[in-house]
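First up is the structure itself, then whatever we jot down about it.
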Amino acid sequence: MKRNTMIFALILLITLIGLMGCGKDRQTLYIFNWSDYIDPTLISEFEEANNCKVKYSTFDSNENMLTKVKSSIQSFDILFPSGDHVSILNELGLLEELDITKITNFKNLNTKLLAKARSFDPENKLSIPYAWGLTGLMYNKQFVPSEIVASAGWNILGDSFFDGKNKITMLDDAREVIGAALIYSGYSVNDTSPEALEAAHEVLKIWDRNITQFDSDSYKNELQDGTTWLAQAYNGDALQQMAENPDLAFILPKEGAAMWMDNMVMLKNAQNKELAYKFIDFMLDPEISKRNSEYIMYPTPNIAAMQMMDADFINNKIINPDDEYLDKCYMIDFLDEAVRSIDQIYEDIKMN
Ligand code: N2P
């Protein structure tokens, strides 16, 4: 064989081996997260750094996530449930107990928030706090006059200004909807006593006259074009929209708000546990976590990242309300069987 032919054959062989190897080594990580809840550039960076593929899917409520996870033939490696749903997934036996020694950046987490997380994950072994926030109201200033929103509380949802206009939406989430009515009625979002639920139910019947749909995603576009004027919304999602449209604004209702923490969990039947650990660790890197938080506009429980945040982020009262306001907020807790009465009221309101 001539020398050139031999070199060509050798290069061809090396390329073929390389291609075969690459195809075999390139694992896929399946992630299921809330919509608008990650900086997409981080996904490609992770893929490149780990020579892998990430199949990234999104959901718009814990309930939808749970239904998909329970029924899907396609399983996921990592999910991002809220605290109460960490408990629900665990009760169903679906969660992997994490080996924290594999998550070197775990040390960056705020110990106060880890303590809060113990209400749904008693040993901090099933879930890694990812972001937290509050649920309030977003509106379009072009359609809702300032006198209507001045010192607004949750009862703006029943304001006669909106009568017959069909311009209000609430989230498609039983805990959030009943939670808002509970807070307005002077109860905690976790109060399932008959008096509390009765009061919340009555309030919701009034609000419902103005509510056109229970929806956790399309309201974001609808607020831009005037299809919706006022919507129950998550604070960070609202800030993302407000950054694009100066007509949009957010209200932290005066009575207080529901609060939640979303978390990364690994499923017991995850196909790629090692890669899943790498992803969790990657997201906990202070620089990565800072970039992500700035993009999604939610505070991170990563204290090392928070310490590097710009003053604009830290001083933003929608992201970081004063302690005085936080004292009026209630973390949505796991309720076990008692959640059924909340679901029943929600179904009743949706049907009528
Ligand atoms: C992300 C909203 C997540 C907040 N778009 C609800 N836990």
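Please give the charge dipole size of the chain, origin at the Cα centre, charges +1 on K and R Cβ atoms and -1 on D and E Cβ atoms. Round to the nearest 20 debye.
In total the dipole reaches around 1580 debye.
For the chain, just the Cα atoms, rotate onto the principal axes and tell me the three extents in Å, largest first.
That gives 90, 42, 41 Å along the principal axes, largest extent first.
Within the set of other residues whose C-beta is less than 11 Å from the C-beta of residue 140, count the net charge using Lys and Arg as +1 and Asp and Glu as -1.
Around residue 140, the surrounding residues sum to -1.
Which of the aspartates and glutamates could a cross-linker span from residue 165 if the Cα-Cα distance has to be under 20 Å and same-chain partners fewer than 8 positions apart are dropped?
Those aspartates and glutamates meeting the cut-off are 147, 208, 215, 222, 225, 247.
State the antiparallel share, in %, of DSSP beta bridges confined to the chain, rounding to the nearest 5.
Around 60 percent antiparallel, to the nearest 5.
Helix-derived [θ] at 222 nm for the chain: sum -39500 (n - 2.57) over DSSP H runs of at least 4, divide by residue count, nearest 500?
Helices in the chain give a 222 nm mean residue ellipticity of -12500 deg cm²/dmol.
Quick one: angle between helix 273-283 and the longest Cα principal axis of the chain, in degrees between 0 and 90, rounded to 10, please.
60
Largest first and in whole Å, give the semi-axes of region 306-352's equivalent ellipsoid, each being the square root of 5 times a Cα gyration tensor eigenvalue.
Equivalent ellipsoid of region 306-352: 36, 13, 11 Å, largest first.
For residue 317, list the lysines whose Cα falls under 30 Å from its own Cα; do not include residues on the same chain fewer than 8 positions away.
Cross-link targets: 107, 112, 116, 141, 167, 220, 254, 290, 328.
For the Cα atoms of the chain, what angle does the longest principal axis make with the long axis of helix 40-50, in degrees from 0 to 90, nearest 10?
Between helix and principal axis, roughly 30 degrees.
If you build the convex hull over the alpha carbons only and average its shadow over all orientations, what do you get for region 69-191? Give it in nm² to one decimal.
Averaged projected area of region 69-191's Cα convex hull equals 11.6 nm².
What Rg and what Dmax come out for region 224-312 when only alpha-carbon atoms are used, in angstroms?
16.7, 47
By the scheme Lys and Arg +1, Asp and Glu -1, what is the net charge of all other residues having a beta-carbon under 10 Å from that of residue 102?
Numbers: positive: 273, 278; negative: 99, 274, 281.
Net charge in that neighbourhood comes out at -1.
Across region 179-272, how large is the tail of the calculated P(r) beyond 23 Å, expressed as a percent of all Cα pairs? Don't skip to the answer; put the middle values down first.
On the way: 1838 of 4371 pairs.
Taking all Cα-Cα pairs of region 179-272, the fraction more than 23 Å apart is 42 percent.
Rule-based calculations on the coordinates, nothing more; no lab input. Computed from a predicted structure; not experimentally measured. Because the Cβ atoms are built from the backbone with ideal geometry, glycine has one as well, and the counts that use them run over all protein chains shown.
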